[in-house]
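Chemist: The structure that follows is given in the form of structure tokens.
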């Protein structure tokens, strides 16, 4: 039977004095992903092995881990991509380890929350009762950055985030730029208060690793450079003067068709 | 706000250096074509030509501007490189202080040299 060896970095704080590697030999089948291999290890060899995963289809961003030395999604990585040798699996670096392959992502989400990743509007219509007007060109400005699934792969690959405790990292900065670029948003100046200091994009030296490893093609490095450009022009007083997209009114001559029920009341 | 302002000045100083270095290169290497910055003829670094340029107020301003832009750009870049080594908060402050003091010291020395050259060249 065709087999594959998984070398997995294990660590249980309070029990193990330091992380260590353990190897598991499991059957290999065509089309098998790294995540499926982990499940096979857990089911047949080591029930106590811990990792995060949910959707199994590269959408939820839970299963980011170091696979053969590179940050990747375990569910999105076929064993066939990795060749015939052993598969090494370790938790994402630049984060504390909670257990085995589970990193503590709280610093990333704290930084994310800090840059206010939501629509900010002066007219109070951040959660409006209708649609906000936006052209296809305006959507294009931020669409790529909105594909981020917060898996943490970019944060694990960033050499600046690895060494600078103040730097926010590629994901929060890319998401700040995603909202700064959104024509429905007016929060540029609020975010600027945070981004113009050490938490901002200034320590980024464009290593580009964040964009190389991003499983969704978000290109955080590009977002960070565009953010630098926006803040530079803002400092010169040449920033874009933009009014937030207005609420779209109902079209003329249109009425609600009979029999269509009202939307249920909001629960959140 | 401070990092945003420093970065902005970093870019502006780069643009200033680009322009003024272009002028320097033109003086040093395009004299045969331009023939305006070296009135004594010969090589651009000949004593007579250096004195002639030093008499010009425009050149004095040019030198001081280039000095200021070069010092700011270089020292801010050096600070970034040193910060990459992840020094502690106190050491960061110390590095910044030393670079500011060094920058202002070199700027004062260079400006003094330009002004002295400008004044003395008039008497040569």
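Chemist: Give the range A:223-268 a look and list any residue that's closer than 30 Å to residue A:207 by Cβ and free of Cβ contacts under 8 Å to residues at least 40 places away in the same chain, or say none.
Modeler: Result: A:225, A:228, A:229, A:231, A:232, A:233, A:235, A:236, A:238, A:240.
Chemist: Which one of B:94, B:42 is surrounded by fewer than 17 Cβ atoms within 10 Å (Cβ to Cβ) and assigned to a loop (DSSP other than H, G, I, E, B)?
Modeler: So the residue among B:94, B:42 that is surrounded by fewer than 17 Cβ atoms within 10 Å (Cβ to Cβ) and assigned to a loop (DSSP other than H, G, I, E, B) is B:42.
Chemist: Cβ-Cβ distance below 8 Å, separation of 6 or more or different chains: which pairs start in the range B:23-36 with a residue that is touching a residue at least 40 places away in the same chain (Cβ under 8 Å) and end on one that is surrounded by 10 or more Cβ atoms within 10 Å (Cβ to Cβ)?
Modeler: Hits for this filter: B:24/B:66.
Chemist: Let me ask another. Looking at residue B:55 and the list (1) over 17 Å from the mean Cα position of the chain (by Cα); (2) closer than 30 Å to residue A:166 by Cβ; (3) away from every other protein chain (no Cβ under 14 Å), which single condition is not satisfied?
Modeler: Only one criterion is unmet by residue B:55, namely (2).
Chemist: Going through the range A:217-243 one residue at a time, which ones are in a helix (DSSP H, G or I) and within 11 Å of chain B (Cβ to nearest Cβ)?
Modeler: A:227, A:228, A:229, A:230, A:231, A:232, A:233, A:234, A:235, listed by residue number.
Chemist: Taking residue A:203, is it away from chain B (no Cβ under 14 Å) and modelled with pLDDT under 95?
Modeler: Considered against the rule, which asks whether it is away from chain B (no Cβ under 14 Å) and modelled with pLDDT under 95, residue A:203 comes out as no.
Chemist: Take the range B:13-24 and flag every residue that is loosely packed, with under 13 Cβ neighbours inside 10 Å, more than 14 Å from every other protein chain (Cβ to nearest Cβ) and farther than 18 Å from residue B:56 by Cβ.
Modeler: Listed by number, the list holds a single entry, B:18.
Chemist: Any idea how many residues of the range A:86-104 are assigned to a loop (DSSP other than H, G, I, E, B) and touching a strand residue (DSSP E or B) at 6+ places or on another chain (Cβ under 8 Å)?
Modeler: 9
Chemist: On to the next question. Is there a residue being assigned to a loop (DSSP other than H, G, I, E, B), modelled with pLDDT under 95 and under 28 Å from residue A:147 (Cβ atoms) anywhere in the range A:25-46?
Modeler: Yes, the range A:25-46 has at least one match.
Chemist: Considering only residues of the range A:163-183 that are over 16 Å from residue A:230 (Cα atoms) and over 17 Å from the mean Cα position of the chain (by Cα), which is nearest to the other protein chains (Cβ to nearest Cβ)?
Modeler: Once the filter is applied, the top-ranked residue is A:163.
Chemist: OK, next. Which pairs turn up if I take residues in the range A:1-17 that are farther than 18 Å from residue A:90 by Cβ and look for partners that are assigned to a loop (DSSP other than H, G, I, E, B) with beta carbon separation below 8 Å, at least 6 apart in sequence or on another chain?
Modeler: Close Cβ pairs satisfying both conditions: A:2/A:28; A:2/A:29; A:3/A:28.
Chemist: Taking the range A:5-15 as the search range and keeping residues that are out of contact with any helix residue (DSSP H, G or I) (no Cβ under 6 Å at 6 or more places or on another chain) and surrounded by 13 or more Cβ atoms within 10 Å (Cβ to Cβ), which one is farthest from residue A:84 (Cα to Cα)?
Modeler: The residue in question is A:12.
Chemist: Hey, another quick one. Working carefully through the options B:73, B:10, find the one that is touching a residue at least 24 places away in the same chain (Cβ under 8 Å), within 12 Å of chain A (Cβ to nearest Cβ) and assigned to a helix (DSSP H, G or I).
Modeler: Step by step, each of B:73, B:10 is checked, and only B:10 is touching a residue at least 24 places away in the same chain (Cβ under 8 Å), within 12 Å of chain A (Cβ to nearest Cβ) and assigned to a helix (DSSP H, G or I).
Chemist: Please identify the pairs in which a residue from the range B:82-105 that is without any contact (Cβ under 8 Å) to a residue 40 or more places away in the chain and more than 10 Å from chain A (Cβ to nearest Cβ) has its Cβ atom under 7 Å from the Cβ atom of a residue that is surrounded by 12 or more Cβ atoms within 10 Å (Cβ to Cβ) and assigned to a loop (DSSP other than H, G, I, E, B), counting only partners at least 6 apart or on another chain.
Modeler: B:95/B:87
Chemist: Can you name the residue in the range A:184-200 that is in a loop (DSSP other than H, G, I, E, B) and within 12 Å of another protein chain (Cβ to nearest Cβ) and, of all such residues, is surrounded by the most Cβ atoms within 10 Å (Cβ to Cβ)?
Modeler: A:200
The values are calculated or read from the model by the stated rules, or taken from the named source; none is laboratory data. The model shown is predicted, which means the values in this text are computed figures rather than measured ones. Positions of Cβ are backbone-derived with ideal geometry, glycine not excepted, and every protein chain shown enters the neighbour counts.
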